[in-house]
Every structure is written in C-alpha cells, then in structure tokens.
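Participant: Quick one: structure below, then a few questions.
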Amino acid sequence: MIADQTNGLPRYCHPYHGGWDVARIALDIPESRILFVCPVSCARIICLNAVKYGYKDRIDVLALTEDDIVSGNYEEKTIEAACYVLDHLEKLPKALILYVSCIDAMLGNDHSFQTQEIMDRYPGVNCFVLKMCPITRYSGDLPLVALQHDMYAPLPEAKVPHTKTAVFIGTNIAYSPENELVRLLEDSGYRALHIQASDSYDDYLAVRESSLNLCLMPFGKSACEMLKERYDTPFVPYFARYDYGSIRSTLSAVCSALDLPLPDFAALEAETTRILKETAEYIGDTEIVIDGIATLFPDTLRSTLESCGFRIRRVYSDSVDRKLPDLDSGEVTMPLRRSYKSDDNVIAIGMVSASFEGAGNAIDIFYDNGWWGHDGLRKISAEIRNAYDHPRSSEMIREETRR
C-alpha cells in the first residue's frame, strides 16, 4: 500500500501492475541484460515479474547487505558481479544495464568508473546505469520519465543520416500492424520502428536514423527532447487519448510533419463506433470502471465509451495541474472516494480499479498496452466482450492478487 501525501488515503500497488516493472521496460532494448543491484527486498517484485512474464533468463540480482551499503564495498562488488555474470554467459549481450535502487540515489554514487571498467574488460558490451527510484514519485524527476530518458541516452552521440524511419517512444509495447498509424506510415514507405518489437540491437542503434519520433506517452517527452537536441530529430506528441477528435488531430500532425496526405478516416470512425455500440448492447447493464494506470487519459476513454452506450460507474485517476501542457511531472493527488465492496456485475479496465471496486472481472492493461486510436478502441471492445463471456469471481481475483 502507498499512502497519499495529501490525505493519507492508501493506494494499492498491484504486485504485477500489468507486468511492466522498470526492469522489464528497460529490457525493451534488444540483446540487453540487467544486473539489479539492490537490497533483496527491492528485488522481490522484479523477480516475481521475471518469473511470471518470462524474462528471468535476462536478469541477475546482486543482493546488497547492510554491511555493503554502510562500507561502500558494493561499488567493487558490482564490478565483480557484472564480470561474473558475463564470464558465465555463452553469448555476451550487446548491452549490460546496471540497475540501481533508491538506496543508491541516497548515497549519491558516481557509476562512471564502474561502467568504464566493465566496458574495458568486455569491449563489445555497452554498459550503462538505470535507476529504480520510487522515492522520486512526488518530485519533478518521475521514475518513468528518467527511465525513458536514460534508456536512449547511451546511444552513440555521432549523428547518422536520417532515413525513412519513424520511431515510437514512451510506451512499453509496440503497436500492432493493424494500427491505422502504422499502416499509414508503411503505406507511405516509412519504417514504423519500436525497439520492443525487435530482437536486434542494431534496431536500437537505428533510433538515431529516425526522421520523426512519435512521443507515445508524456513520460517519453524528455527522451524525445534529448534525441532532438542530439540528432536533430523532430517529435510529435502522440498520446493515447481515445476521443475521435484527438485521434484525428494526432494523425494530422504526423502527416504534416512528414508531408504526407491525410487519409479520410470517416469510414474507420463509423466502423469503430458500430463495434463499440454492439459490445455495449451485448454486455447490457454491466458497468465499467476505469483507472489511470490502465490508460493515462481515462476520461477520454470514458467519454467515448459512454457515447456508444456503455454504463461507466467510476474513474480512478491521479491528477496533474491542467494549466500546464501534457507533462512528465506534476503534483499527484488521489481520489477522495473509495469503494471496497464486492460486485460481480462490473468489469474493471485496469487492476487498480479492480482492487478498489472488488470487481468481479478485470482487464489487465497497463498504460494502454501499446494501444491507440481506432485500433485501440476495437481491442478494448474485444477485451470487454471477452471479460463478459469469461467472468472471474472477485474471490478469484483476490486470490490471484495474494499469489
């Protein structure tokens, strides 16, 4: 449970949270491996995720003791552990990430000598540091912002010629080939690149070639600004709002940036509306709850679903200062009303709302799962219908949570 700063209300932190902990996000970098350097308690959720979501063969943990922290001995132990891991691999990774936790931030360590020592011993391995610092959640240096920035900072600084490539930045999951923007780019001769969809480290390096970066989440804004400064790559905010007006304006901005003709999406909007209305009718009086971990802009999803006939009971979300543009920071406050009753006639979009509502069924989605636009709305519609057809009791969800 995480207590809110302002009023002390507890917030349940689901142990899987969609399966996208900081380690798994960083492993979007192809051919990479992580050495997590932290107290063993900090590694618990990381290890649970690694087992459940199948990346345990790409992550190692150096469990720090109190003596290591007090003496500062863990700086040398980190180098020793990294070399031990690399010496025992059949194939070296292209990147080794030293992942450090809050305790490291409080000690203020300089890791440059560690990474340089490791790269000197293993010239083919790019070694760099990423940080898991939930203590910065209420600061201007939000963990996901720093993570996105620091994932791309190790790219070589040397510029390369831009190619007909558009890179998606800021989300964990690559968009599906059916997404209308992916089709638009590929039909126009552009490569739609998301490093999560690749197994090659060369595609991570190819980010430097991008003609346009598409900032999928506000968390990626800092990374896009860094890439623009370093490689002269413009970027377009491409946030996962689900209202038709925002979808059209985003597509228009992308077409304008790449000098592409804007297709007519009226037929696609009509087809998406038809699918949503059919699903709303199919689930009848079953209500929907949505949370701001499932989708960053839950109110736009609520508006679109309600316009198509869905019964939306409630939205759980954090809030930011709306006087500012879409940001990677802001004061976080929590909703004042919470309900913990069990109700099996509700479908929760997101695990946070499922926990608060005691929802009888839940759609496990974390920051939109790489969904967006009409294609994303159709996927949400399919997930709602599937949840309705295959309900799980609230007792089953609570048991899964305990495990």
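Participant: Test each condition in (1) of a type in the set (Phe, Trp, Tyr); (2) free of Cβ contacts under 8 Å to residues at least 60 places away in the same chain; (3) closer than 30 Å to Lys164 by Cα for Phe239 and report the one that comes out false.
Facilitator: (2)
Participant: To continue, here is another question. Quick check on region 100-119. Is at least one of its residues within 23 Å of Thr171 (Cβ to Cβ), within 20 Å of the chain's Cα centre (by Cα), outside the structural domain of His194 (by TED's automatic domain parsing) and not small (Gly, Ala, Ser)?
Facilitator: no
Participant: A further question on this structure: Considering only residues that are of a type in the set (S, T, N, Q) and over 15 Å from Thr279 (Cα atoms), look in region 301-317 and name the one that is nearest to the chain's Cα centre (by Cα). Even if it seems obvious, please write down each step before you answer.
Facilitator: Going through region 301-317, the residues of a type in the set (S, T, N, Q) turn out to be 303-304, 307, 317.
Imposing the further condition that a residue be over 15 Å from Thr279 (Cα atoms) reduces the set to 303, 317.
Numbers: Ser303: 23, Ser317: 16 Å.
My answer is Ser317.
Participant: Taking the residues in region 60-104 that are hydroxyl-bearing (Ser, Thr, Tyr) and at pLDDT 85 or above as candidates, determine which candidate is nearest to Val129 (Cα to Cα). If you could, list the steps in order and put the result at the bottom.
Facilitator: Here is the first cut: in region 60-104, the residues hydroxyl-bearing (Ser, Thr, Tyr) are 65, 71, 74, 78, 84, 99, 101.
Among the residues that remain, those that are also at pLDDT 85 or above are: 78, 84, 99.
On the way: Thr78: 12, Tyr84: 18, Tyr99: 6 Å.
That would be Tyr99.
Participant: Got a sec? Which of Ala166, Ala174, Ala158, Ala153 is among the small types (Gly, Ala, Ser) and without any contact (Cβ under 8 Å) to a residue 60 or more places away in the chain?
Facilitator: Criteria check complete, one pass: Ala158.
Participant: Moving on. Which one of these is closer than 21 Å to Glu180 by Cα, surrounded by 15 or more Cβ atoms within 10 Å (Cβ to Cβ) and not polar (S, T, N, Q): Ile283, Ile275, Ile290? Full working, then the answer.
Facilitator: Values: Ile283 fails: closer than 21 Å to Glu180 by Cα; Ile290 fails: closer than 21 Å to Glu180 by Cα.
Only one candidate qualifies: Ile275.
Participant: Among all residue pairs at least 6 apart or on different chains, which show Cβ distances below 9 Å where the first residue, located in region 187-210, is at pLDDT below 95 and among the polar types (S, T, N, Q) and the second is surrounded by 17 or more Cβ atoms within 10 Å (Cβ to Cβ) and assigned to a strand (DSSP E or B)?
Facilitator: Gln196/Phe168
Participant: Moving to a separate point now. If Glu209 passes every condition in (1) farther than 30 Å from Gly124 by Cβ; (2) acidic (Asp, Glu); (3) crowded, with 17+ Cβ neighbours inside 10 Å but one, which one does it miss?
Facilitator: (1)
Participant: Please go through region 34-89 and pick out each residue that is buried (at least 21 other Cβ atoms within 10 Å of the Cβ) and of a type in the set (Gly, Ala, Ser).
Facilitator: Ala43, Ala50, Ala82
Participant: Another one. How many residues are surrounded by 12 or more Cβ atoms within 10 Å (Cβ to Cβ) and not β-branched (Val, Ile, Thr) when one looks only at region 253-270?
Facilitator: Of the residues in region 253-270, 10 are surrounded by 12 or more Cβ atoms within 10 Å (Cβ to Cβ) and not β-branched (Val, Ile, Thr).
Participant: Right, another one. Here are some conditions: (1) surrounded by fewer than 17 Cβ atoms within 10 Å (Cβ to Cβ); (2) modelled with pLDDT under 90. His162 meets all but one. Which one does it not meet?
Facilitator: (2)
Participant: Please tell me if Lys77 is farther than 30 Å from Tyr231 by Cβ, among the basic types (Lys, Arg) and touching an Asp or Glu at 6+ places or on another chain (Cβ under 7 Å).
Facilitator: On the way: farther than 30 Å from Tyr231 by Cβ: yes; among the basic types (Lys, Arg): yes; touching an Asp or Glu at 6+ places or on another chain (Cβ under 7 Å): yes.
Yes: the conditions hold for Lys77.
Participant: Cβ-Cβ below 6 Å, separation at least six or inter-chain, first residue in region 277-299 and among the basic types (Lys, Arg), second at pLDDT 95 or above: which pairs?
Facilitator: That search, which allows pairs on different chains as well, returns Lys277/Cys308; Lys277/Gly309.
The values are calculated or read from the model by the stated rules, or taken from the named source; none is laboratory data. It should be emphasised that the depicted structure is a prediction, and the values quoted were computed from it without experimental measurement. Cβ sites come from the backbone with ideal geometry, for glycine too, and all protein chains shown count toward neighbours.
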